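Heads up: the structure comes next, in structure tokens.
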Amino acid sequence: MSMIIDAHMHLGEDLIYNSNDDEERVLGYMKEFGIGGVILQPGLKVWDWHRSCERIRDFALANPGRGWGIVSYTPHCSDEEYMEHVTWAVRELGFVAIKLHPEAYCCAPNAPQAQKVYEAARKLGVPVMIHTGNGVASALPSLAIPAALEYPDVTFVLAHAGGGMFGSEALVAAQACPNIYLETSWCPVYVVRNFVEKLGSSRLMFGTDNPDNVGVELAKHRALHLSDEDLNQCLGDTARKVFSLKTAEQQ
């Protein structure tokens, strides 16, 4: 079986969602459930944004080929400020994508402020992950369609794929835009089955969002009794391709 990659996890404090998962907890769940690699995001509201990003960099350095980062920064700033911050994270810290969180940042994917996110991703050559689901209407999956059509050279990942309630809408978005992929954390198992049947496993990726959710997400995919090829795609191969990851297996 290919290396399992968790494409959506957080490290450190988050003052919006009141979470604070540390390195020991992340490594603990990786060991317990056989997770080979994890893509980490800093909190959406933190006391020290730079340090929260450096903490992910330090995790990656301590676990080569097993940890990577996604940078998240508010788009409610100047173009210059936004570009400076995300460029630092991507170029200096080695982060592999940029995150837009419509709920936390009060910025829908089709809002004017979101354009700087897509422009930065294009310039830096990395994907954009967009939170979908909780926080509607600004977090509706369909709101990513205009951006995906306008930026066909940028890869988009819809985190939570609509969160279950809006899974059908996330599927429509991915069917309309070949550069949209779906990360399926918190989606019911029957929604994930529909994704596999209608979209294909090569457009889906495993994510957990929270250490307490890891076992559930793994069981959900395994309950589908997918072929080995489809299961490998969902649990790791899609994320490896989309985020251009160099894993421990390749070192």
Give just the number: which of (1) of a type outside the set (S, T, N, Q); (2) more than 19 Å from VAL157 (Cα to Cα); (3) touching a strand residue (DSSP E or B) at 6+ places or on another chain (Cβ under 7 Å) does TRP68 not satisfy? (2)
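Give LYS116, LYS99 a once-over and let me know the one that is in a helix (DSSP H, G or I) and either at pLDDT 95 or above or farther than 20 Å from TYR151 by Cα (or both). Reasoning before the result, please.
Working: LYS99 fails: in a helix (DSSP H, G or I).
Checking each option against the conditions leaves just LYS116.
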How about the stretch 175-251: which helices (runs of 4 or more DSSP H) wholly inside it have at least 3 residues that are over 18 Å from the mean Cα position of the chain (by Cα) and modelled with pLDDT of 95 or more? 189-198, 214-222, 228-232
Residue that is nearest to SER244 (Cα to Cα) [pool: residues in the stretch 140-192 that are of a type in the set (A, V, I, L, M) and touching an Asp or Glu at 6+ places or on another chain (Cβ under 6 Å)]: VAL157
Residues of the stretch 206-232 classified as more than 19 Å from VAL26 (Cα to Cα) and either among the aliphatic types (A, V, I, L, M) or touching a strand residue (DSSP E or B) at 6+ places or on another chain (Cβ under 7 Å) (or both), total: 4
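I'm trying to understand the selection: among the residues of the stretch 181-216, which are at negative phi, among the acidic types (Asp, Glu) and in contact with a helix residue (DSSP H, G or I) (Cβ under 9 Å, 6 or more places away or on another chain)? If you could, list the steps in order and put the result at the bottom.
Initial filter on the stretch 181-216 (at negative phi): 181-185, 187-199, 201-208, 210-216.
Going one step further and asking which of them are among the acidic types (Asp, Glu), we end up with 183, 197, 212.
Within the stretch 181-216, GLU183, ASP212 qualify.
Among the candidates GLU13, GLU24, GLU54, which residue alone is outside any loop (DSSP other than H, G, I, E, B) and either polar (S, T, N, Q) or free of Cβ contacts under 8 Å to residues at least 12 places away in the same chain (or both)?
On the way: GLU13 fails: either polar (S, T, N, Q) or free of Cβ contacts under 8 Å to residues at least 12 places away in the same chain (or both); GLU54 fails: either polar (S, T, N, Q) or free of Cβ contacts under 8 Å to residues at least 12 places away in the same chain (or both).
After ruling out the rest, the residue left standing is GLU24.
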Cβ-Cβ under 8 Å, sequence separation 6+ or interchain: first residue in the stretch 60-77 and in contact (Cβ under 8 Å) with a residue 12 or more places away in the chain and closer than 18 Å to GLU13 by Cβ, partner surrounded by fewer than 17 Cβ atoms within 10 Å (Cβ to Cβ) and among the small types (Gly, Ala, Ser). Which pairs? GLY69/GLY94
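Go through the stretch 140-166 and report how many residues are in contact with a helix residue (DSSP H, G or I) (Cβ under 7 Å, 6 or more places away or on another chain) and assigned to a helix (DSSP H, G or I).
Going residue by residue through the stretch 140-166, those that are in contact with a helix residue (DSSP H, G or I) (Cβ under 7 Å, 6 or more places away or on another chain) are 140-142, 144-145, 147, 151, 153-158, 161-162, 164, 166.
Narrowing the set further to residues that are assigned to a helix (DSSP H, G or I) leaves 141-142, 144-145, 147, 161-162.
Residues flagged as in contact with a helix residue (DSSP H, G or I) (Cβ under 7 Å, 6 or more places away or on another chain) and assigned to a helix (DSSP H, G or I) within the stretch 140-166 amount to 7.
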I need the full set of residues from the stretch 122-139 which are β-branched (Val, Ile, Thr) and assigned to a strand (DSSP E or B), in order please. VAL128, ILE130
Can you name the condition, by its number, that THR87 falls short on among (1) closer than 16 Å to GLN41 by Cα; (2) surrounded by 17 or more Cβ atoms within 10 Å (Cβ to Cβ)? (2)
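In the stretch 133-158, what residues are of a type in the set (S, T, N, Q) and closer than 26 Å to GLY94 by Cβ?
Residues of the stretch 133-158 that are of a type in the set (S, T, N, Q), as a first pass: 134, 138, 142, 155.
Hit for the stretch 133-158 is THR155, nothing else.
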Among (1) modelled with pLDDT of 95 or more; (2) within 20 Å of ALA111 (Cα to Cα), the one test that ALA137 misses: (1)
Evaluate the following for VAL157: is it in contact (Cβ under 8 Å) with a residue 40 or more places away in the chain, within 18 Å of PRO42 (Cα to Cα), surrounded by fewer than 24 Cβ atoms within 10 Å (Cβ to Cβ) and within 14 Å of the chain's Cα centre (by Cα)? no
Exactly one of these conditions fails for LEU44: (1) assigned to a loop (DSSP other than H, G, I, E, B); (2) free of Cβ contacts under 8 Å to residues at least 12 places away in the same chain. Give me its number. (2)
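The values are calculated or read from the model by the stated rules, or taken from the named source; none is laboratory data. Remember, it's a predicted structure, so these values are computed and weren't measured experimentally. Don't worry about glycine lacking a Cβ; one is built from the backbone with ideal geometry, like all the others, and counts go over all protein chains shown.
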